[in-house]
1. Where residues in region 101-130 are surrounded by 15 or more Cβ atoms within 10 Å (Cβ to Cβ) and modelled with pLDDT under 85, which of them is nearest to residue 64 (Cα to Cα)?
2. Is region 33-43 home to any residue that is surrounded by 15 or more Cβ atoms within 10 Å (Cβ to Cβ) and farther than 25 Å from residue 91 by Cα?
3. Tell me, yes or no, whether region 164-175 has at least one residue that is surrounded by 13 or more Cβ atoms within 10 Å (Cβ to Cβ), at pLDDT 85 or above and closer than 19 Å to residue 50 by Cβ.
4. Looking only at region 1-14, how many residues end up being buried (at least 17 other Cβ atoms within 10 Å of the Cβ) and touching a residue at least 60 places away in the same chain (Cβ under 8 Å)?
5. Are any residues in region 24-41 in contact (Cβ under 8 Å) with a residue 60 or more places away in the chain and within 12 Å of residue 5 (Cβ to Cβ), and if so, which ones?
6. Within region 195-207, take every residue that is closer than 18 Å to residue 142 by Cβ and either surrounded by fewer than 16 Cβ atoms within 10 Å (Cβ to Cβ) or touching a residue at least 60 places away in the same chain (Cβ under 8 Å) (or both) and give me the one that is farthest from the chain's Cα centre (by Cα).
7. Checking the structure you have, find out if any residue of region 12-28 is closer than 23 Å to residue 87 by Cβ, within 21 Å of the chain's Cα centre (by Cα) and of a type outside the set (Phe, Trp, Tyr).
8. What are the residues in region 42-81 that are out of contact with any strand residue (DSSP E or B) (no Cβ under 9 Å at 6 or more places or on another chain), touching a residue at least 40 places away in the same chain (Cβ under 8 Å) and closer than 19 Å to residue 159 by Cα, if any?
Amino acid sequence: MGGERILIVDDEPTIVEVVALYLTREGFEVITAADGATALELIARQRPDLVVLDVMLPEVDGLEICRRVRGEGALPIIILTARGEETDRVVGLELGADDYVVKPFSPRELVARVKTVLRRTQALANATVPPPAPVSAGSLRIDPAARTVTLAGNRITLTAREFDLLLFLMRHPGLVFTREQLLDQVWGFTFASDASTVTVHIRRLREKIERNPTHPRFIQTVWGVGYKFEPPEEG
């Protein structure tokens, strides 16, 4: 890993300078933007491999950028949020951000997050194994090769991370996983991570695939432990 182009979007020059320094030391190519409009132009023109994106930006805020980027492709995004701004973190994850880091943060931690997200993205892109077979549970069907999900024949739109989480759970029916285990298996990291990331994605999945999200039949909570995927009974 090295040489990937990272776009840093933040209107605080000190943060940009420090993060750029650490990323450059690790061999990354760094480009920067101080506002949302410039960031969108650079994303279109420079085609970065990953975006480190502050939520609070002039002109176009980070959440709007995330929304637009997710509508056009799977560019990895790590959002930066202020301490205590849980709503921004939740919305960012719902819009498809791959990870988030809370300000103030350790530049070394951010660099580690960048490497983890890139490693995962590149592994998926470079995979040469035969296409995996679809997985079905009752009327729910997920096709890993086509990256599609259908429920009773109707297409369900999921973010990349929601898809990965559902696929992992469906491949391990009946097994209970803690939020920390899901972070490790689906996100690829556990250190300094907020397990509520998993909670947000579980809630979003239930809203999309469950007939009644408050009484789920597929993704069930095992209180005090975590979550499991329970296939519906036949017949």
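1. Per the criteria, the residue is 121.
2. no
3. Within region 164-175, one or more residues are surrounded by 13 or more Cβ atoms within 10 Å (Cβ to Cβ), at pLDDT 85 or above and closer than 19 Å to residue 50 by Cβ.
4. Adding up the residues that qualify gives 3.
5. If the condition is that a residue be in contact (Cβ under 8 Å) with a residue 60 or more places away in the chain and within 12 Å of residue 5 (Cβ to Cβ), then 28 is the only one that fits.
6. 207
7. So far as region 12-28 goes, no, none of its residues is closer than 23 Å to residue 87 by Cβ, within 21 Å of the chain's Cα centre (by Cα) and of a type outside the set (Phe, Trp, Tyr).
8. 74 - this is the single residue of region 42-81 that is out of contact with any strand residue (DSSP E or B) (no Cβ under 9 Å at 6 or more places or on another chain), touching a residue at least 40 places away in the same chain (Cβ under 8 Å) and closer than 19 Å to residue 159 by Cα.
The values are calculated or read from the model by the stated rules, or taken from the named source; none is laboratory data. The model shown is predicted, which means the values in this text are computed figures rather than measured ones. In this analysis, Cβ positions are derived from the backbone assuming ideal geometry, glycine residues included, and neighbour counts consider all displayed protein chains.
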